[in-house]
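Below is one structure, written out as structure tokens; the observations come after it.
The values are calculated or read from the model by the stated rules, or taken from the named source; none is laboratory data. Remember, predicted model here, so these are calculated numbers, not experimental data. Positions of Cβ are generated from backbone atoms using ideal geometry, with glycine treated the same way; all protein chains shown enter the neighbour counts. All accessible areas refer to the heavy atoms of the entire protein, side chains included, with ligands and DNA or RNA removed. Shrake-Rupley method; radii C 1.70, N 1.55, O 1.52, S 1.80 Å.
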Amino acid sequence: RRHAFEIVFEDADGHPIMVPALTGDQPFRLPAEFAVGRPPDAVQGTSFIVPIALNIQPVQLPPGRRCVGKALVDGEVLDELFFAVRPLPLQQPQ
């Protein structure tokens, strides 16, 4: 069975992190699909670890802010990771 997988990024207030795209700013999300086979002796609904590799371009996240990355499978949030983006370095006067 095929499953929809997606990682979405939000700020601490739950608003999507917007990134520039060819058609204007878009929410930063990494969509993918996967299918997992089930061994003949496995019960339907058994959890399996599925390694997934995603190729993404560099993205500028909002400096000095807390964010969250949420992993969704078939629209259901399965995990989330909170992180802080480093602030921009102070510019020294020349």
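Key figures for this structure:
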| quantity | calculated |
| --- | --- |
| Portion, in percent, of the accessible area of the chain that falls on carbon or sulfur, probe 1.4 Å | 56 |
| Within the chain, chymotrypsin sites (Phe, Trp or Tyr not before Pro) in DSSP loop having at most 13 other beta-carbon neighbours inside 10 Å | PHE48 |
| Options (1) 15.9; (2) 13.7; (3) 14.3 - which one matches Kirkwood radius over Cα pairs in Å as calculated here | (1) |
| Probe 1.4 Å, all protein chains present, accessible-area order of VAL36, VAL19, VAL77, largest first | VAL77, VAL36, VAL19 |
| Mean accessible surface per residue for the chain, computed with a 1.4 Å probe while every protein chain stays in place, in Å² | 82 |
| The range 39-94 - percent relative contact order, Cα under 8 Å, separation 6 or more | 28 |
| Solvent-accessible surface ranking, highest first, for ASP41, ASP11, ASP25 at 1.4 angstrom | ASP41, ASP25, ASP11 |
| Probe 1.4 Å - accessible area at GLU6, Å² to nearest ten | 40 |
| Computed over the chain: relative contact order in percent, which uses C-alpha pairs under 8 Å that are six or more apart | 33 |
